[in-house]
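A quick write-up on the structure given underneath.
What follows is calculated from the coordinates using simple rules that are stated; it is not laboratory data. These figures come from a predicted structure and were not determined experimentally. For neighbour counting, all protein chains shown are included, and Cβ atoms are generated from backbone atoms with ideal geometry for every residue, glycine included.
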Amino acid sequence: MRYRERLCIIFMRDNGPRHSFRVRRGRFFLMLAFFACLPLVCGVLGWQTWRLWQENKALRENVLRFESDYQTAQATAERLENLEELLREEGVQGRELVLRKLASAEQAETPPQASGAEAASAPEGAPAMSEGPGHEEFPAIDTGYVKVGNVQARALRGGKLRIALDLRNADAQRLASGTVLATLVTADGQKHTLSFDPDDVGNFRISRFKRTVMVARLPERLSLVNAQIILEVKSQDRAVAYRNIFAVEH
């Protein structure tokens, strides 16, 4: 009969009873390997926990910003409703003055009609773009691959920049996919390519609509006074489908 070799683990107190446990050699080495790998497993779990905590913190900050934007928009809508009700009433003091100001503002926002060949070459319903600083090096581009609207670039506390925009698929028969990129242009002309957290937050693949919100961490001591961003939307084949320049809000 073949003898099976076993190992004995002894637990002994000082001037006390002794407890011994017999285990097989394979199980003993398996237990040693388990305890040796335990610190590594704990380190990996701790790192994953820290990553999840950071992502949760970023999500909470985004939720707080969304709630603040929603409350501001709701308050503005309520004030506009009250103003509309006042304008409907006759005999309100200052009613005619407000109506004249609104009419003059609408006339100022309406772009002048192009004449001749310029009117024929301009696409119907195309928005008028103001050529500000930076358009000489980065001219405005809009191929119609996706419709970009409601662009907001806002400086946040802690050296961060929040960029939000709406993406609409111009062709419902296909999926629109690509990447949103941004470059920061300071008042002194310096350009900084922005990196977002997470890195793939600017990627999109939409059939109809997507609201994209990206937060970038800026270099230390970087002034955002009179700063602008160059917003680019590139298609899946890395071709520029949209480009324009927007001011940074504070």
(request) Check cross-link reach from residue 147 to the lysines: straight Cα distance under 23 Å, and skip same-chain residues fewer than eight apart. (result) 210, 234
(message) If you average 1/r across every pair of different Cα atoms in segment 4-82 and take the reciprocal, what Kirkwood value do you get, in Å?
(response) 18.7 Å
(request) List every residue whose amide H lies under 5 Å from the amide H of residue 203, counting only residues 5 or more places away in sequence or on a different chain, with H placed 1.01 Å from N in the peptide plane. (result) 180
(request) Give a quick list of GluC sites (Glu not before Pro) in segment 194-250 that DSSP marks as loop, anything other than H, G, I, E or B, with at most 12 other Cβ atoms within 10 Å. (result) 220
(message) Can you give the local net charge around residue 67? Use residues other than it whose beta-carbon is closer than 12 angstrom to its beta-carbon, Lys and Arg +1, Asp and Glu -1.
(response) 0
(message) Let me check the size of segment 155-233 from its C-alpha atoms; what are the radius of gyration and Dmax in Å?
(response) 14.2, 47
(request) For segment 155-168, just list the computed ³J(HN,Hα) in residue order, Karplus coefficients 6.51, -1.76 and 1.60, θ = phi - 60°, integers in Hz, with x standing in for Gly and Pro. (result) 7, 10, 6, x, x, 10, 10, 9, 10, 10, 7, 9, 10, 10
(request) Report the relative contact order of segment 1-87, percent, no decimals, based on alpha-carbon pairs under 8 angstrom and at least 6 residues apart. (result) 15 percent
(request) Identify all lysines with a Cα-Cα distance to residue 160 below 20 Å; exclude those on the same chain that are fewer than 8 residues away in sequence. (result) 57, 191
(message) Give me, ordered by chain and number, the residues 5 or more places off residue 236 or on other chains with an amide H under 5 Å from its own placed amide H.
(response) 177
(message) If I take R0 = 25 Å and measure r between the Cβ atoms of residue 7 and residue 44 in this structure, what FRET efficiency does the formula 1/(1 + (r/R0)^6) give, to the nearest 0.05?
(response) 0.25
(message) For Cα pairs less than 8 Å apart in space and 6+ apart in sequence, what is the mean separation divided by the residue count of segment 133-247, i.e. the relative contact order in percent?
(response) 34 percent
